[in-house]
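The values are calculated or read from the model by the stated rules, or taken from the named source; none is laboratory data. Just so we're clear, the structure is a prediction, and the values are computed from it rather than from any experiment. Cβ: placed from backbone, ideal geometry, glycine included. Neighbour counts: every protein chain shown. Keep in mind that these areas ignore ligands, DNA and RNA; they rest on the heavy atoms of the full protein, side chains included. Shrake-Rupley method; radii C 1.70, N 1.55, O 1.52, S 1.80 Å.
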Amino acid sequence: MSSRLIGVGVGPGDPELVTVKGVNALRAAEVVVVPVMDTGERGRAEATVLHYVAGEKVVRVVFALNERTDRARREAAWDAAGERVAELLREHGTVAFATIGDPNVYSTFTYLAQTVAGLVPGTVVETVPGITAMQDLAARSGAVLTEGTEPLTLVPVTAGAAVLKDALNGPGTVVAYKFGRQAAEVAEALRESGRIDGAVWGSALGLPEESIRPAAELDGAALPYLSTLIAPARRDGGRGGKL
């Protein structure tokens, strides 16, 4: 039988936001892999998985999750992680990989699946969608992501503040991921584009240390790396004005 690698989105951190299908996939897999940094601390994916799966079924695999500058080190970590997961597939047949958010949205699972496909030919790769941070932040803050014909633009600020500025100068709602280390640049971009009113940011959603604040309160201080921002579309046409 073919080996199966299943990327399971486990949401932004609140264990109640894992879908029923996601829980079933985690429990049905023979092994559940969770990504950890080389510093070894428990990540959000692992903490969430342990609400539904016994610890002895969980395998921690090191990824260079925080490596942005040393490409060689990052590639070596991906190769090592792929080799470890390939070993698990050969031994167990079905392996689930738990990722925060959704496995098809800025996820480490993408790189893992590409690596494993080359190491274990014929592996069937599947994904189970997960609730994203922008959906959770919208629900917790009351920010409406889209109405009518409005576009929605998702930007990783790790690509640079200029990418965010371009998006803010366009139409529709803009969501920024991973902006914590560039909070000052983000605040400046919001003010320059006239989009700071109504914008909201959040971090550690659903966790004890959760923080949700108006973007107008951004003072340039560094925020948690996985902070999320929503700058809603300009809406001045009344109810249904964007239909």
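Taken over region 1-59, residues that are among the acidic types (Asp, Glu), part of a loop (DSSP other than H, G, I, E, B) and touching a strand residue (DSSP E or B) at 6+ places or on another chain (Cβ under 9 Å) amount to 2.
Among the criteria (1) touching a residue at least 60 places away in the same chain (Cβ under 8 Å); (2) more than 14 Å from Val59 (Cβ to Cβ); (3) surrounded by 18 or more Cβ atoms within 10 Å (Cβ to Cβ), the one Gln135 does not fulfil is (1). Pairs are defined by a Cβ separation below 7 Å, a sequence spacing of at least 6 or placement on different chains, a first member in region 73-99 that is over 19 Å from Leu26 (Cα atoms), and a second member that is hydroxyl-bearing (Ser, Thr, Tyr) and open to solvent by 60 Å² or more (accessible area, probe 1.4 Å); the pairs so defined are Trp78/Tyr111. Checked against (1) part of a loop (DSSP other than H, G, I, E, B); (2) surrounded by 15 or more Cβ atoms within 10 Å (Cβ to Cβ), Val125 meets all criteria but (1).
Per-residue answers, yes or no, for (1) more than 27 Å from Ile100 (Cβ to Cβ); (2) modelled with pLDDT of 90 or more:
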| residue | (1), (2) |
| --- | --- |
| Asp197 | yes, yes |
| Val200 | no, yes |
| Ala215 | no, yes |
| Arg235 | yes, no |
| Gly238 | yes, no |
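Contact map, region 8-32: residues that are of a type in the set (Lys, Arg) paired with residues that are open to solvent by less than 20 Å² (accessible area, probe 1.4 Å) and assigned to a loop (DSSP other than H, G, I, E, B), Cβ distance under 9 Å, separation 6+ or inter-chain. Pairs shown: Arg27/Val53. Any residue in region 105-121 that is in a loop (DSSP other than H, G, I, E, B), farther than 27 Å from Asp236 by Cα, open to solvent by 50 Å² or more (accessible area, probe 1.4 Å) and touching a strand residue (DSSP E or B) at 6+ places or on another chain (Cβ under 7 Å)? Within region 105-121, one or more residues are in a loop (DSSP other than H, G, I, E, B), farther than 27 Å from Asp236 by Cα, open to solvent by 50 Å² or more (accessible area, probe 1.4 Å) and touching a strand residue (DSSP E or B) at 6+ places or on another chain (Cβ under 7 Å). Among the residues of region 21-37, which ones are under 19 Å from the mean Cα position of the chain (by Cα) and either outside the structural domain of Ala80 (by the TED database) or open to solvent by 40 Å² or more (accessible area, probe 1.4 Å) (or both)? Result: Lys21, Met37.
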